[in-house]
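Following: one structure in structure tokens, then a few remarks.
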Amino acid sequence: MTRILSFVLAMSMAASAWGLKVDERVENFRLFDHQGGSHELYYYDDAKAVVFMVQGNGCPIVRNAVPRFTELSEEYAEQGVQFFMLNSNLQDNRVSVAKEAATYRYDIPILVDETQIIGESLDLVRTGAVFVLDPKTWKVTYTGAIDDRLDYEVQRKEASNHYLKDAIDSMLTGQAIAVASTESLGCLINFPSKTARAEHANISYSEDVAPILMDNCVSCHREGGIGPFAMTDYNVVRGFSLMIREVIRTKRMPPWHADPLHGDWGNDRSLSSEEIQTLVHWIEAGAPRGEGEDLLATSEVVYPEWVAAEELGEPDYIIDIPAMEIPATGVVDYQYHHVRNPIGKDVWVRAAEIMPGDRAVLHHTITAFGDEITEGKYKGRLKYKGGLRGYAPGLTNQAYPQDTGTFLPADTTIEFQMHYTPVGRATVDESKMGVWVYDEPPHHHIISRFMANNKIRIPPHAKNHAESVEQVIPKDALLYNLMAHAHYRGKAAKFVARYPDGTEEVLLNIPNYDFNWQTDYEFKEPKFIPAGTTLIQTNWWDNSAQNAANPDPTIEVTWGEQSWEEMLFGAILYRFLTDEESAAKRGNQDLASAR
Ligand code: HEC
């Protein structure tokens, strides 16, 4: 192609290259990056500028532009300018983006917009474009090209105009940006739902929207539930629709913090990409009522007395948890109640279930049992011997697997860790625990173990401080549950299995840990763990002022029970295989191929 032709082509294609306008305010969002991190845009409001480049796999213009973009990111890192890439391509996903990043050695986090809802709202048209945001206002200050070096099929050695660099320099020195928008080249992004936008008004509330809310939200958002408003009919949903869009864009709701790329969880609360698109497109079309029945208004939602009762009948024992007065407002620290085991004999527990007294205020319960420490530094605390089932809204299965149970001695103290959140009215919570027992000891003994590292030291102002703890599983085992715990400064957590052959697998990645939600992640299918495997839990903490929950960014934080102290803590639930099961599982295979 001749130079002239290529220029003409570029001009005609570039005319529609950009939909995002200078001075437009960008709404908040949260996305995973290609390495499993999670980023919320508005977290970066301490940056001097936030710079994005629209990336797409296989686009030569992007591949050509990244080295310069990376140079700029390195040049401005010290000055507090934050750089990201953003991929909204229909055909790309986190795995393929990670591969492209590895091949072309991209260092900058690439945020992957797999549902395309963020790219749609930013009105992205082509990859290769850059845009700059002012974190004080979240308004766009520059859109267009990095510089004038690239053209379709033409590359100059040197650029003569450095648009992006000039824009950043102007922002750093508080001057007006001389050239705030330029034309940029790149590959067109296919947003099928953008061309079909008119059809979004036909999304059926009755048939498409209400069933999603019913299945994913109403377990909490119902009368007397923990959700702050009850989704009782169309009018409520319509009124909250903009909030619903916001909490979906920022991944605050439904409360689920695991990375979907690792592990398959029985208690997964997350929405699928299709469900997210349906809800967001319906809301962006004005949340039309349309025809048909209102499922939310016509379905009666009732809490079962005991969830396990359906399968196991009424509990054999009911243990009262001391009543707790919850004020209307404020913060209630974690409560630890100790109850002497009232059962009066040794039992094998088949199932244990917490029935909340007031579902609106009880966020979670974690139970353990052991001996109360009578002297020394930890007087009044528990020396843990094991755990029983806990509670979190929406948990459905509180029985242990068939023929599997946990031994609860007569002479022990049960600890209930209760997390309450005030909801605007004072109340008294009187929760209780139902216990179902085996008549005969089961064949398999459930083992619940804690992961803990009390040597942690988190420096003041650290944004991403990591520490780990390891534990070896001595025999072939089936792993059922994983739980990671930290306090207000908790930012992320991860469980990795290092197998005896040295290979590693991420079992659970929680890139956006939230202290308010103590989720016990239940494997859909128990995970086989060969003897000699090391489980490694890593927690990350954000001790900076950017962490809105941080009580004090200026101090070094060490281990402690109180929420202003920190913990590297986790819980794992497993059972050993019998020798016959191990032999059957392994056959003649070696360790590595046994999994
Ligand atoms: C496991 C319980 C639970 C589930 C499931 C749940 N929510 Fe929530 N929701 C809450 C709680 C509790 C809050 C209060 C804020 C918080 O704790 O994060 C909340 C807050 C909200 C808010 C913000 C209200 C406000 O003004 O702050 C919206 C909107 C919302 N939820 C929508 C949804 C939608 C939509 C779904 C389903 C797709 C959903 N939630 C699923 C428990 C839940």
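The values are calculated or read from the model by the stated rules, or taken from the named source; none is laboratory data. Here the structure is a predicted model, which means the values were calculated and not measured. With ideal geometry, Cβ positions are generated from the backbone for all residues, glycine too; neighbour counts draw on all protein chains shown.
Here are the numbers:
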quantity: Exclusive hit being farther than 20 Å from L479 by Cα and surrounded by fewer than 16 Cβ atoms within 10 Å (Cβ to Cβ), set D403, D411; calculated: D411
quantity: Condition met for V302 (of a type in the set (V, I, T) and modelled with pLDDT of 95 or more); calculated: no
quantity: Residue check for P460: away from the ligand (no atom under 16 Å from the Cβ), free of Cβ contacts under 8 Å to residues at least 60 places away in the same chain, in the same structural domain as A548 (by TED's automatic domain parsing) and farther than 23 Å from R350 by Cα; calculated: no
quantity: Among the candidates A167, A159, A178, residue that is in a loop (DSSP other than H, G, I, E, B) and either among the aromatic types (F, W, Y) or surrounded by 14 or more Cβ atoms within 10 Å (Cβ to Cβ) (or both); calculated: A159
quantity: Residue within the stretch 393-410 that is out of contact with any Pro (no Cβ under 7 Å at 6 or more places or on another chain), over 23 Å from L312 (Cα atoms) and touching a residue at least 60 places away in the same chain (Cβ under 8 Å) present; calculated: no
quantity: Options K475, K463; residue that is part of a loop (DSSP other than H, G, I, E, B), in contact with a Phe, Trp or Tyr (Cβ under 6 Å, 6 or more places away or on another chain) and basic (K, R); calculated: K475
quantity: Which listed residue, of Y76, Y42, is among the hydroxyl-bearing types (S, T, Y), within 29 Å of the chain's Cα centre (by Cα) and farther than 13 Å from I110 by Cα; calculated: Y42
quantity: Unmet requirement for A583, which otherwise passes all of (1) away from the ligand (no atom under 16 Å from the Cβ); (2) touching a residue at least 24 places away in the same chain (Cβ under 8 Å); (3) surrounded by fewer than 21 Cβ atoms within 10 Å (Cβ to Cβ); calculated: (2)
quantity: Pick from the stretch 227-253, criterion buried (at least 19 other Cβ atoms within 10 Å of the Cβ) and touching a Lys or Arg at 6+ places or on another chain (Cβ under 6 Å), ranking: nearest to V302 (Cα to Cα); calculated: Y234
